C-alpha cells in the first residue's frame, strides 16, 4: 500500500480513521489525548480491536492529563488492563505538560491519526507514512518520559 494522507474535520471521520489505525496495528500503539473523551475506548468495537492487538503481543502506551473520563466511560478498557496489564502502560502527564492540547494515535511507527487540537475534529490520518510521523513520535517519547504512572487508580493497584 502506498502512503495515504487524508484530512478530516468531523467526529465520524476521526472515529473511522482511528478504527483503521487500530486495526492495522501489530506491534505498538502510542496514544496521547488530554482525556480521551471522544475516542470511544469503551466501545465494544474498540475493545475487540485492542484485544486482538494485545493477544498478538502488541504493546499499548497511553498518556493523558486526566484519567477520570476513562474510569467512568471505558470499563472495557479497564477489563483489558486487567487481562493484559503486562502489555499496557498508562501514564498521567506532569503539571508542566498540561498545556498540551493536541491528540494523536501512532501505530507501528507507520500510521498516525492526529487532531491538531483536542477541542476540534480537524486533523489528518496518514497511513504508510513513517517519515510523516517522525516529529509526532519524538513528541510522544518526550511526553512519555515526562509523565508518571498511575493514570487510572486501578492501574497501580489502588
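The set of residues in region 119-131 being surrounded by 17 or more Cβ atoms within 10 Å (Cβ to Cβ) and closer than 19 Å to residue 23 by Cβ consists of 123, 124, 125, 126, 127, 129. Taking the numbered list (1) under 18 Å from residue 19 (Cβ atoms); (2) assigned to a helix (DSSP H, G or I); (3) at pLDDT 90 or above in turn, residue 142 passes all entries but (1). Please tell me if residue 72 is over 20 Å from residue 26 (Cα atoms) and crowded, with 17+ Cβ neighbours inside 10 Å. Here the answer is no, as residue 72 does not meet what is asked. Pairs are defined by a Cβ separation below 7 Å, a sequence spacing of at least 6 or placement on different chains, a first member in region 3-21 that is more than 16 Å from residue 108 (Cβ to Cβ), and a second member that is part of a helix (DSSP H, G or I) and at pLDDT 95 or above; the pairs so defined are 6/17; 8/14; 8/17.
On inspection, residue 54 qualifies as more than 13 Å from the chain's Cα centre (by Cα), within 18 Å of residue 109 (Cα to Cα) and crowded, with 18+ Cβ neighbours inside 10 Å.
Exactly one residue out of 78, 90, 100 is farther than 28 Å from residue 9 by Cβ, surrounded by fewer than 21 Cβ atoms within 10 Å (Cβ to Cβ), under 16 Å from the mean Cα position of the chain (by Cα) and touching a residue at least 12 places away in the same chain (Cβ under 8 Å), and it is 78.
Restricting the search to helices (runs of 4 or more DSSP H) fully inside region 1-88 and requiring at least 2 residues that are at negative phi and in contact with a helix residue (DSSP H, G or I) (Cβ under 6 Å, 6 or more places away or on another chain) gives 11-24, 44-55, 75-84.
Is it true that residue 60 is buried (at least 16 other Cβ atoms within 10 Å of the Cβ) and modelled with pLDDT of 95 or more? Spelling it out, residue 60 is indeed buried (at least 16 other Cβ atoms within 10 Å of the Cβ) and modelled with pLDDT of 95 or more. For region 16-44, filtered to residues that are at pLDDT 95 or above and more than 12 Å from the chain's Cα centre (by Cα), the residue that is nearest to residue 86 (Cα to Cα) is 27.
The values are calculated or read from the model by the stated rules, or taken from the named source; none is laboratory data. Because the structure is predicted, anything quoted here is derived from the model rather than measured. Neighbour counts are summed over all protein chains in view; Cβ atoms, including those assigned to glycine, are modelled from backbone coordinates with ideal geometry.
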